[in-house]
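The next block holds one structure in the form of structure tokens; read it before the comments.
Quick note: the coordinates plus some simple rules give every number you see, no bench work behind them. This structure is a prediction, so every number in the text was calculated from the model and none was measured. Cβ atoms come from the backbone with ideal geometry, glycine included; neighbour counts cover every protein chain shown.
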């Protein structure tokens, strides 16, 4: 065990370092006999992983009792929680029913986060449909501001950040500039930087340190150094076409982007983001790979 990781475990100083974990429950969890998400924090602790993104992607329908059980286990094992809100969200919609449902999905996800003790709710901005992109973004911002006001009125933003995600398809809203602009709308909004998506939507960029550095420099310039240092991150290897993202793969598959340059930037800057791995089925093992490499970098400096 390296010097830095031993110090972290001895003192419990998890939040002074980047935290790593999976999106959802990986195959290895079920293969080990795991059955319910409330068991995930204990299982993650055996891997020394300290983050977990609970998936509400098909609806924020989890019962309050179950959410509180997950939260209690996460607190006990020192696992930081986030939630992925439903895929059905579309802030840019011109359909009143979809707009109402979108509002409900976000508010319900925030409520679940409070039950669970999660401090971040990741969501997709949506798609423009037949609108011009600028018109769609304007409408999305308008609806998002209404939702923010209602969430604040209900006390749902107390300790919970909303985290719009950079998207992987060119016909989706949520490029880096758009996500950063949304993050300026409220103090409790931060970006989710999905580097697999950015790799796909740019046709294969994010292979070198400088490209990662440029992203963090941009976020720091627009939102402040503290936000850049503690941003939410998704990472996976992704196959893409001219339209952007096609499919998530694993770290054993020959797709990009590589995680090593990202770890090198984070370690060099002493940033403390939360990094959620979205590999297909091996997300915990691949999160562990990133974490091990990150701590080796820190150990090299410490010793």
Distance from the Cα centre of the range 8-86 to that of the range 234-303, in angstrom?
18 Å
Which one of 250, 166, 97 has the biggest mean-square fluctuation once the chain is modelled by GNM with Cα springs under 10 Å?
97
Per-q log10 I(q)/I(0), the chain, q = 0.07 Å⁻¹ (Debye; single scatterer per alpha-carbon; no solvent)
-0.25
P(r) tail fraction, the range 224-275 - alpha-carbon pairs more than 18 Å apart, %
43 percent
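Using the Kirkwood radius over C-alpha pairs as Rh, can you work out the diffusion coefficient of the range 101-236 via Stokes-Einstein at 4 °C, viscosity 1.567 mPa s, in µm² per second? List each step's numbers first, then the result.
Working: Rh = 15.4 Å.
Approximately 84 µm²/s, per Stokes-Einstein.
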Residues 253, 119, 286, 149 in order from fewest to most other beta-carbon atoms within 10 Å are 149, 253, 119, 286
DSSP beta bridge pairing in the chain, given as percent antiparallel to the nearest 5:
20 percent
Sequence gap at least 6, Cα distance under 8 Å: using those rules, report the relative contact order of the range 3-302 to the nearest whole percent.
19 percent
Highest-MSF residue in the chain out of 40, 69, 263 [GNM, Cα springs under 10 Å]
69
Have a look at 88, 52, 206 and tell me which one the Gaussian network model of the chain (Cα, springs below 10 Å) gives the largest fluctuation.
88
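Kindly provide the helix-only [θ] at 222 nm of the chain, computed as the sum of -39,500 (n - 2.57) over DSSP H runs of four or more divided by all residues, to the nearest 500 deg cm²/dmol? Could the numbers behind the result be given before it?
Details: 12 runs with 141 residues, N = 303.
About -14500 deg cm²/dmol.
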